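The values are calculated or read from the model by the stated rules, or taken from the named source; none is laboratory data. In this text the structure is predicted, and so the values were computed from the model without any measurement. Cβ atoms come from the backbone with ideal geometry, glycine included; neighbour counts cover every protein chain shown.
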Amino acid sequence: MTLELEKYLKVRMAQAQGARTIEELKGISDIAIENEEEVKDVEELLKNACKCKNVSIETVVEAVKNGADTVEKVGEVTKAGTGCGKCKGIISNIVENKR
């Protein structure tokens, strides 16, 4: 991934606010995606809930649909949020919105 740190952080913050697509990301953040390489990087990042444990958004959403109703329960089922913990805002948003 070649995203500069500032853009990476903006994407992750927007994910914690509910962004799941580039269109939603642009609605939440002032991020400028400047080329096709960045588009690919951002799309990959948007698919990922937990980088440490390599857990996808889809996996977390599925855990929530199957009854994991807290960040801790999602972690028990998927291991997401059990590393550095920086993804807990994203997981919390998924739990709250069930998406």
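Residues in region 27-54 that are free of Cβ contacts under 8 Å to residues at least 24 places away in the same chain and outside any loop (DSSP other than H, G, I, E, B) were compared, and the one that is surrounded by the fewest Cβ atoms within 10 Å (Cβ to Cβ) is Glu36. Return yes when Ala63 is of a type in the set (A, V, I, L, M, F, W, C) and more than 27 Å from Thr2 (Cβ to Cβ) and no when it is not. For Ala63, the condition - of a type in the set (A, V, I, L, M, F, W, C) and more than 27 Å from Thr2 (Cβ to Cβ) - is met.
Filtering region 55-80 to residues that are assigned to a loop (DSSP other than H, G, I, E, B) and either among the aliphatic types (A, V, I, L, M) or at pLDDT below 95 (or both) leaves Ala68, Ala80.
Taken as a whole, the structure leaves Lys86 outside the set of residues that are assigned to a loop (DSSP other than H, G, I, E, B), modelled with pLDDT of 95 or more and not aliphatic (A, V, I, L, M). In region 55-87, of all residues being on the phi > 0 side of the Ramachandran plot and touching a residue at least 12 places away in the same chain (Cβ under 8 Å), the one that is nearest to the chain's Cα centre (by Cα) corresponds to Gly81.
Scanning region 60-87 for residues that are in contact with a helix residue (DSSP H, G or I) (Cβ under 8 Å, 6 or more places away or on another chain) and of a type in the set (Asp, Glu) turns up just one, Asp69.
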